Amino acid sequence: MADGLQQVVIGDPEERALRAIVTMALDDAVARTGLAEREARHLRAVLAERNQVPAEVFLAGARSVAGLQAGLRAWTSGLNEPEFGCAGYLSGSGVSPAELADWLADRIQDGIQANARSGGVLKNLADWLWRDAVTDSLARVESANRMRTGRLAEFLDYAERLGPSEASGLRGRDSELDEIRAFCHGEGQQYRWVQGELWAGKTALASWVFRHPPENTTAVAFFVRQLSRTYRNAEQYALAMAEQLAALANQPVPPREAAERHLSGLLRDAAAEVATYDPPHRMLLIVDGLDEDCTTSGETIADLLPQEPPANVRILVTSRPLLRRPREGHPLALCVPVQLRKSDFAKNLQVDAEDQLADAVRSDGPSRQVAGLLTAAGGGGLTAAELAELTGLDSGEVRDAIYGKLGRNLRQASDGVLEFAHANLLQVARAYFKDDLPKYSGRLLRWAESYQARGWPKETPSFLLIGLLSRSPSGGHGKPVRNTGRTDHRIRGRPGTA
């Protein structure tokens, strides 16, 4: 036994408690691999057999949490050896023995902490393993930083593009922010459903709360956008939420195809993690624009919302008034929607945007061509470079149109893809273009056919690979180009596609 652990008594009660924790950790780790039932049973049997050792083995050299994790990595490293018969299907699942060890370490740590918090027999062990508060604090800072780097930074960046800038702030919503603050800190109701008509300012409010959550609250969010190719359906919601929750829980992000089934576990773990902050935090899960969910089959985003959230979790949902209520028994069905009044500032934004769009459509310059192509494309999905290719304009002219005459109408994602800033603007644009829309639809069709004739080469625009053209409601003009076959594997490999 490690020197420091000699002062921690590992008797029969402690060993039984540790064995129970390890058993649950093994079950959970195997489930997370996503293996088929037969392979999962085999892996579970192998791990169970290797678990027939004294509890001290799991703690050998565990003078810290890092030591515990290192010991578990050494313990699982032999799984690739031929005698166990695991190497093939573990490799196929994309799960390495090291990842398996990390999952086990997380679960074992959680179990030890839970036992200690409840006054169990492992309190002394927990005090020893987590005795270094500085190390623990640094881990939390690292977790917070991970929420602002890489793919996760895109969510914060996108939220800022959707809402008011830091300079302008959120105007005229002090009372609404007070109500959300009270909701996050209060007891009882865990769901809050904010409803409002078009241009009421729902997204601005949700974006601001995500970026500036109430005190001692950690927020995660998903902004559903009908016109977006990245934030429009349940599969994309599951992946985006899994990425955010995994960062908070200090866990690896599950594979795309497994994201949905891991959501509840990741939410539980992330909520448990923020509860250990000093002072303890609550978690706020935000879903904005639920009425724009474009899921065509299977469970919707509403279906994926937690039925029984952890006690320190609150869920804020925004939408336009829905034509039908959620299914019976869904937590949203028990909510009395809170109506969001339309602020004067939001009214002015709508008027300015629609006036600017009308000016662009009436012109004969680049802004009309850009607006026409985006309208024919179903409201978005094209980059500035692709618009230049389609129009024959130089990049400067396209930029002037995007940031000048159409500045209030367009939003640009972090990958450069443009879309109308509001779904209503697409309807307005269609009404403005009227009989000219077939001209722009035809241009898109010919553009797609040129890539199809070349067998969808590597440089094919993502807009065509993802198939937005075939879903673009361009008034029924032109036939869709089907991009089946060779492109399928490339579609699945691109971030944000579903």
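The values are calculated or read from the model by the stated rules, or taken from the named source; none is laboratory data. Small disclaimer: the values here were computed from a predicted structure and weren't measured. Positions of Cβ are backbone-derived with ideal geometry, glycine not excepted, and every protein chain shown enters the neighbour counts.
Observations on the model:
This table checks each residue for (1) at pLDDT 80 or above; (2) more than 27 Å from Glu154 (Cα to Cα); (3) touching a helix residue (DSSP H, G or I) at 6+ places or on another chain (Cβ under 7 Å).
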{"site": "Gly365", "(1), (2), (3)": "yes, yes, no"}
{"site": "Arg368", "(1), (2), (3)": "yes, yes, yes"}
{"site": "Leu374", "(1), (2), (3)": "yes, no, no"}
{"site": "Thr383", "(1), (2), (3)": "yes, no, no"}
{"site": "Leu387", "(1), (2), (3)": "yes, no, yes"}
{"site": "Thr391", "(1), (2), (3)": "yes, yes, yes"}
{"site": "Gly396", "(1), (2), (3)": "yes, no, no"}
{"site": "Ile402", "(1), (2), (3)": "yes, no, yes"}
{"site": "Ala423", "(1), (2), (3)": "no, no, yes"}
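- Condition check for Ala358: of a type outside the set (Phe, Trp, Tyr), free of Cβ contacts under 8 Å to residues at least 24 places away in the same chain, in a helix (DSSP H, G or I) and not assigned by TED's automatic domain parsing to the domain that holds Pro164: no
- Residues of the stretch 114-125 satisfying the condition of being of a type in the set (S, T, N, Q) and surrounded by fewer than 17 Cβ atoms within 10 Å (Cβ to Cβ): Ser118, Asn124
- Considering residues of the stretch 10-25 that are more than 23 Å from Glu260 (Cβ to Cβ) and either of a type in the set (Val, Ile, Thr) or under 31 Å from the mean Cα position of the chain (by Cα) (or both) only, the residue surrounded by the fewest Cβ atoms within 10 Å (Cβ to Cβ): Thr23
- Helices (runs of 4 or more DSSP H) contained entirely in the stretch 96-187, each with at least 2 residues that are at pLDDT 80 or above, of a type in the set (Gly, Ala, Ser) and farther than 18 Å from Ala272 by Cβ: 174-185
- Filter result (over 20 Å from Ala360 (Cα atoms), surrounded by 14 or more Cβ atoms within 10 Å (Cβ to Cβ) and of a type in the set (Gly, Ala, Ser)) within the stretch 429-452: Gly442, Ala448
- Residues in the stretch 191-232 that are of a type in the set (S, T, N, Q) and out of contact with any Ser or Thr (no Cβ under 9 Å at 6 or more places or on another chain): 6 in all.
- Leading residue by the ranking (farthest from Pro164 (Cα to Cα)) among those in the stretch 331-351 that are surrounded by 13 or more Cβ atoms within 10 Å (Cβ to Cβ) and of a type in the set (D, E, K, R): Arg341
- Residue match in the stretch 245-255 (condition: modelled with pLDDT under 90, part of a loop (DSSP other than H, G, I, E, B) and touching a strand residue (DSSP E or B) at 6+ places or on another chain (Cβ under 9 Å)): no
- Within the option set Val287, Val351, being free of Cβ contacts under 8 Å to residues at least 12 places away in the same chain and either part of a strand (DSSP E or B) or not assigned by TED's automatic domain parsing to the domain that holds Thr230 (or both) holds for one residue only, Val351.
- Some residue of the stretch 371-384 being in the same structural domain as Leu170 (by TED's automatic domain parsing) and aliphatic (A, V, I, L, M): no
- The residues of the stretch 226-244 that are under 21 Å from Met283 (Cβ atoms) and either at pLDDT below 85 or in a loop (DSSP other than H, G, I, E, B) (or both) amount to a single one, Tyr231.
- Of everything in the stretch 19-70 that is assigned to a loop (DSSP other than H, G, I, E, B) and β-branched (Val, Ile, Thr), the residue that is modelled with the highest pLDDT is Thr33.
- Residues (at pLDDT below 90 and either part of a helix (DSSP H, G or I) or outside the structural domain of Met283 (by TED's automatic domain parsing) (or both)) located in the stretch 208-225: Arg211
- Here Thr300, Thr276 are screened, and the one residue that is within 25 Å of Arg181 (Cβ to Cβ) and of a type in the set (S, T, N, Q) is Thr276.
- Residue in the stretch 409-424 that is of a type in the set (A, V, I, L, M), assigned to a helix (DSSP H, G or I) and at negative phi present: yes
- Scanning the stretch 188-207 for residues that are assigned to a loop (DSSP other than H, G, I, E, B) and charged (D, E, K, R) returns a single hit, Glu197.
- Of all the listed residues (Gly467, Gly475), the sole one being at pLDDT below 85, over 27 Å from the mean Cα position of the chain (by Cα) and not assigned by TED's automatic domain parsing to the domain that holds Val224 is Gly475.
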